[in-house]
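K.L.:
Sending over a structure as structure tokens; questions will come in a sec.
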Amino acid sequence: MKVLIVGDFFIKPSIVQSYLKRELGEGLKFRTIEWKFFREDKVSYKGERSRLGVREYAGSPEDLAREVKDVEILVVHGAPVTKEVIEAAERLKVIGCTRGGPVNVDVKAATERGIPVIYTPGRNAEAVADFTIGLMIAEARNIARAHASLKSGRWELAYNRYENLGPELHGKTLGIIGFGRIGRKVAVRARAFGMKILVYDPYVSKEKVEEVGGEKVTLEELLRNSDFVSLHCRLTEETRGIIGARELSMMKRTAYLINTARGGLIDKKALIEALKRRKIAGAALDVYETEPIEPDDELLSLENVTLTSHIAGYSREVVHRSASMVASDIRRYLNGEKPKHIFNPIVLER
């Protein structure tokens, strides 16, 4: 059986190969590619090439189509598995995508061929939850700003002054918008710091929230009463711009806004205005509507914001967890069992 693993700088193909060997044995013919996609014309962060049926991909479908002719198992991370690629892979039996959502795979085309698409939901939930707490502390306690000052040769005494001091987490209220895998894990961590948890998620029951000691509230209640507001919902037409000028005006002037989900959840112009006028104390962002962030973006000039480059979901454990989840589900499918994480389960009924 021929296997093609298309990894990149994050998901190393050698690591995926080791897990596939462990699950499927040695009777496989492996070919691995570490996908190089740093050319600007071969990267799509927002799905501008929606005509291809994929988004948030990296690399050229034409390049990948040339590699898949005799492949039976295809595992990718960010490479674009378009209809063209699927049609070129005449012997393809299963597609594995080491992402929380296989947005770079044309699932419709795969389903029409009866090919299951295996994916890895929740693969980075632990990493993002850790990072969220880290951003909360970094922004509130001036960690990133003090680091930058020292690196530039200054021992900044301003961060010791009362008016510049940030709050401890203990005894504060964290408002979580979106209570899926990540939001829930953030709540568990925050409770360990002695925080009160408020949750807004119309699709999650009161009982699920109360399981981790939280309280389900309306969005307005959450915004008015939280010391930290953290976003963990998907970006949909319903949630795009869920935090705008109106919502920011409801927050405490001492509150902080944290976003490790998707940049489009926040109206950036409204946020910049709120930060400049100190309508909220600060923000910490790992995601942006346009990525990479432009070097002249006004966010970069503000003092009361901590910014990172979309790295919350990246940890070594995520790589191994992704590889393990895909490999074990591919083994289940090939053995006639139902995979745990299959995006198009309808193919199993055929």
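K.L.:
With the cut-off at 22 Å, tell me which of the pairs Lys21/Lys338; Lys208/Lys279; Lys172/Lys252 have Cα atoms farther apart than that. Don't skip to the end; give the middle numbers.
P.N.:
On the way: Lys21/Lys338 20 Å; Lys208/Lys279 33 Å; Lys172/Lys252 12 Å.
In this structure, Lys208/Lys279 lie more than 22 Å apart at Cα.
K.L.:
Further question on the same structure: With just the Cα atoms defining each centre, how far is region 113-145 from region 199-245? Give it in Å.
P.N.:
17
K.L.:
Pairing the Cα long axis of helix 125-140 with the longest principal axis of the chain, what angle in degrees results, from 0 to 90 and rounded to the nearest 10?
P.N.:
For 125-140 against the chain, the angle is about 20 degrees.
K.L.:
Relative to 2.2 N^0.38 Å, what does the C-alpha radius of gyration of region 225-350 come to as a ratio? Two decimals please.
P.N.:
So the Cα radius of gyration is 1.42 times the expected 2.2 N^0.38 Å.
K.L.:
I would also like to ask the following. For every helix of n ≥ 4 consecutive DSSP H residues, a contribution of -39,500 (n - 2.57) applies; sum these over the chain, divide by its total residues, and give [θ] at 222 nm rounded to the nearest 500 deg cm²/dmol.
P.N.:
So the helix-based figure for the chain works out to -9000 deg cm²/dmol.
K.L.:
Per the Debye formula with a single identical scatterer at each Cα and no solvent contribution, what log10 I(q)/I(0) holds for the chain at q = 0.13, 0.14 Å⁻¹?
P.N.:
Values, matching the q order: -1.03, -1.13.
K.L.:
Moving to a separate point now. Compute the long axis of helix 181-192 from its Cα atoms, compare it with the longest principal axis of the Cα atoms of the chain, and write down the angle in degrees, 0 to 90, nearest 10.
P.N.:
Roughly 40 degrees between the two axes.
K.L.:
Sticking with this structure for a sec: Could you name the lysines whose alpha carbon sits less than 18 Å from that of Lys108, not counting residues in the same chain fewer than 8 places away?
P.N.:
Qualifying lysines at Cα under 18 Å: Lys83, Lys93.
K.L.:
Defining a contact as two alpha carbons under 8 Å apart and six or more residues distant in sequence, what relative contact order in percent does the chain show?
P.N.:
Computed over the chain, the figure is 17 percent.
K.L.:
Kirkwood Rh, Cα Rg: Rg to Rh for region 280-350?
P.N.:
Result for region 280-350 is an Rg/Rh of 1.26.
K.L.:
Now a separate question. Give the average over all directions of the projected area of the C-alpha convex hull of region 203-298, one decimal, in nm².
P.N.:
Seen from a random direction, the Cα hull of region 203-298 projects 6.5 nm² on average.
K.L.:
Percent antiparallel among DSSP beta bridges with both residues in the chain, to the nearest 5? Walk me through the numbers on the way to the answer.
P.N.:
Values: 3 of 44 bridges.
The antiparallel proportion sits near 5 percent.
K.L.:
Right, another one. So what is log10(I(q)/I(0)) for region 62-214 at q = 0.09, 0.14, 0.19, 0.21 1/Å, when the Debye sum runs over its Cα atoms only?
P.N.:
-0.53, -0.82, -1.03, -1.15
The numbers here are math on the coordinates, done by the rules we state, and not lab data. Remember, it's a predicted structure, so these values are computed and weren't measured experimentally.
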